[in-house]
Amino acid sequence: MPPEVAPYGTWTSPLSPERLVEAVVRLSQLQVCGDDIYWVESRPAEGGREVIVRHRDGATDAIPAGFYARTRVHEYGGRCYAVHGDVIVFSNWSDQRLWVIDGGDPRALTADPDLPGAVRFADPVFNLDGTHVYCVRERHLDSGMVVNDLVSIPLAGGTPMTLAEGHDFYAAPRVSPDGQRLCWVTWDLPDMPWDSTQLWTADIAAPGELSAPSFLAGGNGESITQPRWSPDGLLHYVSDRSGWWNVYDESGRALCPMEAEFGRPDWVFGASTYGFTAAGDLLAVWESDGVDHLGRLQGGGASEMSMSFTYFAGLAVTGEDVVAIAASPLDPSSVVRISGDGATHCLRSSQEQFMSQEDISVPTHVRFPTGSDESAFALVHLPANLRYSAPAGERPPVLVLIHGGPTSSALPVFDRSVQFWTTRGFAVANVNYRGSSGYGRAYREKLKGNWGIADVEDCASVVDWLDSQGLVDGDRALIRGGSAGGFTTLAALVFTDAFAAGASLYGVADLELLARDTHKFESRYLDSLIGPWPRDADKYRNRSPVHHLDRFHRPVILFQGSEDAVVPPAQSKLMFDELTSRGLDVEYVEFEGEQHGFRRAETIIAVATRELGFYMRVLGLGVSPRA
């Protein structure tokens, strides 16, 4: 049957808004303990509840109903549990206390503070005999100060004992195989962990006491992440001292010098891109040209395994096998076990893949020219739907997607939220603008002092380039982003004429307001992206969309969570009120109980429905959104 001819943007999609969350979970925090494999599932159907899952003979929930495994340390959280034998310690979302499961119902391990949620824990690890847990603690004091340190907590109960203090931030406590040494990472404001961190080690004199703490590496503009011990007790870590995150051993020797990234920005606790086999061989993931590779590091080089996956996270090693969360442009994110010969066994998929391959838009990694005679990168998806073709000569509208961070990146993986648009006849350009990770430190630092300039320029440039290549209709360009991507979206609508409309999800409208009213982890982030505040207050005002509304002539829709502590609702409300007072085309949608990043099924469905209808209206497609 020949495809139906219909204008781009009006095609009937196999992905309804409801199907975006149908039988979908988000997978993270993979760990291995003996023969057991653990991970965390975030379940939109359960209001975004995060559940620790254990895979033994099959997958079962490891925490009971009523518990929600997630930490608020740094607000972004990350690794929130540890396992020793059959004992699990985890951070519970509602009270931020540590709880332990050791054969019965969960029992509270830490005290309930006077102010609910004021004492938080993250990145836990057991000592060798399983009697204590070492972890990061974050205390929110009555004075408004936030204090981070490293503590030891006895499983038998008792007051946490301070192991290390004095730095602004701590991460990655890890115990040596013989139980005699501990390593950890620190950093201080105004640095972010991808700017400058320090690696420390100490002897474990007693479960609650360290001796002879020693600085090993880092600082002075060197980012160190993921310290890890080999089976024979040699400390390894990832450093970007060469300009690329590569793996080093305790002596400072690079194991595989390469212009590739063996690490990622530590927005959350617990990233893992390498591990050791029982025999001591090192298996690692590295990113180059926008794609992940998996292989064995030996003899100063890398022996890559032939895999269809283009992205790996949470890499762990059990025996000689690799366990990871992996994905490709055709394969949803899944927990997979990979044997030494490359055979892959899926333990858990994040979703049912009900789309035919012909309907899936596979991205092309492109490099395009941008300002200052430089280049930027994007993953470009063209429309794909087996049942439709467009009228002769028509080019599709393009939706430019802006990742958050801004120190982050777009990934070459199957994503229903991208296919939601491409199956309807939209092209999608997922931009890794200057400042994105994955392309080395020099590229990552191109945004320093230039946030709101270089990223905006790159988003406009990708539209021009795609239009010049005859791939999209540049007059029907849309832009969408969340958090930092929301700021870039609003700035692009104010400072360029490249876009017909945009959608900002919990985005920044007033940079001064963000500098004054954000959490500790990012409290000095803008020092490097713009300049120290209030010294450079003029730059903050000059780049804030809310101060240039006389230049705002494009329709915009604003989505916001009522309990967002990273970008508070005041940002979006201010933008909405100012635009409304000028009679401009603006919509504001707030979701009660949502935080930074939408997790609930009903929210995700509502956003997709409202956003689709909004774009179709402003593009004048003249039809109601199809299912």
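Overview of values
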read-out	value
Cβ-Cβ FRET estimate between Asp538 and Arg367, R0 fixed at 30 Å, reported to 0.05	0.30
Under 15 Å, Cβ to Cβ, from Ala376 - net charge with Lys/Arg +1 and Asp/Glu -1	-4
Alpha carbon Rg of the chain, scaled by the compact-globule rule 2.2 N^0.38 Å	0.95
Kirkwood Rh and Cα Rg combined as Rg over Rh, evaluated for region 130-258	0.99
Spatial separation of Cα centroids for region 514-553 and region 433-450, in angstrom	19 Å
Coordinate range along principal axes, alpha carbons of region 355-619, Å, largest first	55, 41, 33
Length added when fully stretched, Leu115-Arg139, from 0.36 nm per residue minus Cα-Cα	7.6 nm
Within-12-Å neighbourhood charge of Val336 [Cβ basis; K, R +1; D, E -1]	0
Part-to-part distance (alpha-carbon centres) for region 348-396 and region 454-473, which is given in Å	14 Å
Cα lying deepest toward the dipole's positive end in the chain, options Val418, Leu386, Ala82, charges on Cβ	Leu386
Positive-end residue of Val53, Tyr311, Thr344, charge dipole of the chain with Cβ unit charges	Tyr311
Of all DSSP beta bridges in region 355-619, antiparallel share, percent nearest 5	35 percent
Difference of contour (0.36 nm per residue) and Cα-Cα distance, Asp585 to Ala606	5.6 nm
Charge dipole (debye, nearest 20) of the chain; +1 at Cβ of Lys and Arg, -1 at Cβ of Asp and Glu	740 debye
Angle between the chain longest axis and helix 454-468 axis [Cα atoms, degrees, rounded to 10]	50 degrees
Modelled FRET efficiency - R0 56 Å, His345 with Gln180, Cβ distances, 0.05 increments	0.95
In range of the label at Thr60: residues from region 331-366 whose backbone nitrogen is under 20 Å from the point 7 Å along Cα→Cβ	347-349
Linear extension gain, Val5 paired with Phe354, 0.36 nm per residue minus alpha-carbon span	123.3 nm
Overall form of region 282-322 per C-alpha gyration tensor (a/c, 1.5; a/b vs b/c)	oblate
Reachable lysines from Lys448, criterion Cα separation under 23 angstrom, eight or more residues apart if same chain	Lys520, Lys539
Share of Cα-Cα pairs in region 549-621 lying beyond 13 Å, as whole percent	67 percent
Summed side-chain charge close to Gln571 - residues other than Gln571 whose Cβ falls under 10 Å, Lys, Arg +1, Asp, Glu -1	-2
Inter-part distance where region 295-336 and region 80-152 are each reduced to a Cα centre, Å	31 Å
Using a Förster distance of 41 Å, the FRET efficiency for Leu189-Asp249 (Cβ separation, nearest 0.05)	0.85
Degrees, to the nearest 10: 484-495 long Cα axis against longest axis of the chain	30 degrees
Where only C-alpha atoms are counted, convex hull volume of region 36-134 per residue in Å³	106 Å³
Residue order, fewest to most surrounding Cβ atoms within 10 angstrom, among Met575, Met258, Met305, Met145	Met145, Met305, Met258, Met575
Fewest-first sequence of Tyr433, Tyr443 by Cβ atoms within 10 Å of each Cβ	Tyr443, Tyr433
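Computed from the coordinates by the stated procedures, all read-outs in this text should not be read as laboratory data. Note that the coordinates shown come from a computational prediction; the quantities given were computed from them, not determined experimentally. Note that each Cβ is placed from the backbone with ideal geometry, even for glycine, and that neighbours are counted across all protein chains shown.
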